[in-house]
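Peer 1: Sharing a structure below in structure tokens format, with a few things to ask.
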Amino acid sequence: MKKYLPNVITSARIIGSICLLFADISVNIFSPFWIIYLLCGISDMIDGYIARKLNAATKFGADLDSVADLSFCVCCFYRLFPTFTFSHWVWACVVVIVLIKVTNLISALVIHRKLVFPHTIANKLTGLLLFVSIPIYICFNLFVPLLIVAVVALFAAIQEGCYIRKK
């Protein structure tokens, strides 16, 4: 059972992401939405660590982690999108980053004939900063952390493209 624990944790993140679609968003950080959000984030931080500690890291687990990351991001974006009140230049930055990420995926398909989701330090840092910054923005209306995320995410997307094209 120990060797399956990391994949169970990762699968729980997918289920939690789906639960976010039905939870009410509140500025109360102790609401069900934010509790599920926190549990999903913690699961993202510990599943790989546990897999390495238990010597249970597999390609399937890494791919499942990428699927869980994507489902968490998509579900959060879908639920939180209506609450965002950003200026046009912020949305332009988001669009540029998304276009770079999509270009990276297409490049990986063309070059490697498969989807590639590099787990670089910059991508992990982007995920961590985004995970922390969104509740700060929603609950406390502080915008500055999201600017930092945008810069790090842009760097991570460019680095990811270089990584995909070199390997």
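Quick note: the coordinates plus some simple rules give every number you see, no bench work behind them. Quantities reported herein were computed from a predicted structural model and do not represent experimental measurements. Every residue, glycine among them, receives a Cβ derived from its backbone with ideal geometry; neighbour counts consider all protein chains shown.
Peer 1: With the contact rule set at Cα under 8 Å and sequence spacing of 6 or more, what percent relative contact order holds for the range 49-149? Show your work: numbers first, answer last.
Peer 2: Numbers: 27 pairs, mean separation 14.0, N = 101.
14 percent.
Peer 1: Is it possible to state the helix-based mean residue ellipticity at 222 nm for the chain, with each DSSP H run of 4+ residues giving -39500 (n - 2.57), the sum divided by total residues, to the nearest 500 deg cm²/dmol? What is it? Show your work: numbers first, answer last.
Peer 2: Values: 6 runs with 128 residues, N = 167.
Dividing the helical sum by the residues of the chain leaves -26500 deg cm²/dmol.
Peer 1: Any chance you could get the radius of gyration and Dmax over the Cα atoms of the range 52-127, in Å?
Peer 2: Spelled out, the Cα radius of gyration and Dmax of the range 52-127 are 15.2, 47 Å.
Peer 1: To two decimal places, what compactness ratio does the range 33-94 give when its Cα radius of gyration is scaled by 2.2 N^0.38 Å? The partial results should precede the final answer.
Peer 2: Numbers: Rg = 15.3 Å, N = 62, 2.2 N^0.38 = 10.6 Å.
With N residues counted in the range 33-94, Rg over 2.2 N^0.38 Å equals 1.45.
Peer 1: Give me the net charge for the shell around residue 2: Cβ to Cβ below 15 angstrom, other residues only, Lys and Arg +1, Asp and Glu -1.
Peer 2: Numbers: positive: 3, 52, 53; negative: 47.
Once positives and negatives cancel, what remains is +2.
Peer 1: Follow-up. What fraction of the Cα pairs in the range 84-167, stated in percent, has a spacing above 19 angstrom?
Peer 2: On the way: 1440 of 3486 pairs.
Pairs farther apart than 19 Å: 41 percent.
Peer 1: What ³J(HN,Hα) values, in whole Hz, does the Karplus curve 6.51 cos²θ - 1.76 cosθ + 1.60 give for the range 155-162 when θ = phi - 60°, with x put for Gly and Pro?
Peer 2: 4, 4, 5, 5, 4, 4, x, 5
Peer 1: So how much slack lies between residue 162 and residue 119, counting 0.36 nm per residue of separation and subtracting their Cα-Cα distance, in nm? Display every interim value, and only then the final one.
Peer 2: On the way: separation 43, 0.36 × 43 = 15.48 nm, distance 1.32 nm.
Using 0.36 nm per residue and subtracting the Cα-Cα distance, I get 14.2 nm.
Peer 1: In the set (i) 14.5, 45; (ii) 16.4, 50; (iii) 17.6, 56, which value of Rg and Dmax of the Cα atoms in Å was calculated from the structure you see?
Peer 2: Correct label, based on the coordinates given: (ii).
Peer 1: Sum up the charges of everything whose Cβ sits under 15 Å from the Cβ of residue 61, counting Lys and Arg as +1 and Asp and Glu as -1, but leave residue 61 out. If you can, show how the numbers build up before the last one.
Peer 2: Working: positive: 2, 3, 13, 52, 53, 59; negative: 44, 47, 63, 65, 69.
Taking every other residue near residue 61 into account, the sum is +1.
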